[in-house]
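The values are calculated or read from the model by the stated rules, or taken from the named source; none is laboratory data. Keep in mind it's a predicted model, so treat the numbers as computed, not measured. Neighbour counts are summed over all protein chains in view; Cβ atoms, including those assigned to glycine, are modelled from backbone coordinates with ideal geometry.
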Amino acid sequence: IAKTNNLQSSLDTLQTNIDLKQDIITSTSIITSATTTSMQDQIDALINFTGGGINFRAYNVSNSSVSATQNLPYLTVDYDTDAGYDNTNYMYTIPIDGTYIFTFGWYVSGSSTAVVNLIRKRGTTETIIQQSTNGTNQSGNSAFVGTTISECLQSDEIYVYLESGTLILNYGTTTDPNTSASF
């Protein structure tokens, strides 16, 4: 932010002219509307730069069972703003450093117990950043959704891995996407 034109100067002027007294903030008339407009323009530019976001969603229309020790096959890409999702290895590659929110869903298959991990692979190091399990709930077609926030670096790979058990990604008809169990 300090590198943005005139922002540091405006902030210095603002700091100089603020008088803090008993939790009441007052400012002198030296802060002009031109300074406020200039700062607002710069803040708006930052919001526009960061507001669009990076988004993707993939899902699977098959209702066949998925077995343990594999990445979950979210085959169909619904949207992908940065073309980071690979629907052959089911991994998303982070395009820029930042804080990301990930959500992934799945369904219990029959009376199985499943352990599902959201994994971040950085170089050769794999880290479980979220784990989901149905525990004692083994009622078929029960939905489970995991959501987490994670700091990621460019080129990190994110994927959903079935550590143990069996699950399904679509309990409905195989002609309609079930985006409740998406990544």
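Residue check: Leu46 meets all listed conditions (1) within 21 Å of Val145 (Cα to Cα); (2) at pLDDT below 90 but one, namely (1). In segment 74-96, the residues that are assigned to a loop (DSSP other than H, G, I, E, B) reach residues that are of a type in the set (D, E, K, R) with C-beta atoms within less than 8 angstrom, at least six apart or across chains, in these pairs: Ile94/Asp156; Ile94/Glu157; Pro95/Asp82.
Close contacts from segment 102-123, counting a first residue that is surrounded by fewer than 21 Cβ atoms within 10 Å (Cβ to Cβ) and a second that is in a loop (DSSP other than H, G, I, E, B) and acidic (Asp, Glu), with Cβ to Cβ under 7 Å and a gap of 6+ residues or different chains, come to Lys121/Asp156; Arg122/Asp156. Examine segment 72-84 for a residue that is aliphatic (A, V, I, L, M), touching an Asp or Glu at 6+ places or on another chain (Cβ under 8 Å), modelled with pLDDT of 90 or more and under 19 Å from Asp156 (Cα atoms), and state whether such a residue exists. The answer is no, given that none of the residues of segment 72-84 is aliphatic (A, V, I, L, M), touching an Asp or Glu at 6+ places or on another chain (Cβ under 8 Å), modelled with pLDDT of 90 or more and under 19 Å from Asp156 (Cα atoms).
Selection of segment 124-177 for residues being surrounded by fewer than 17 Cβ atoms within 10 Å (Cβ to Cβ) and among the charged types (D, E, K, R) yields Glu126, Glu151, Glu163, Asp176.
Look at Thr113 and say whether it is modelled with pLDDT under 85, in a loop (DSSP other than H, G, I, E, B) and among the polar types (S, T, N, Q).
Working: modelled with pLDDT under 85: no; in a loop (DSSP other than H, G, I, E, B): yes; among the polar types (S, T, N, Q): yes.
Taking the combined requirement at face value, the residue does not satisfy it.
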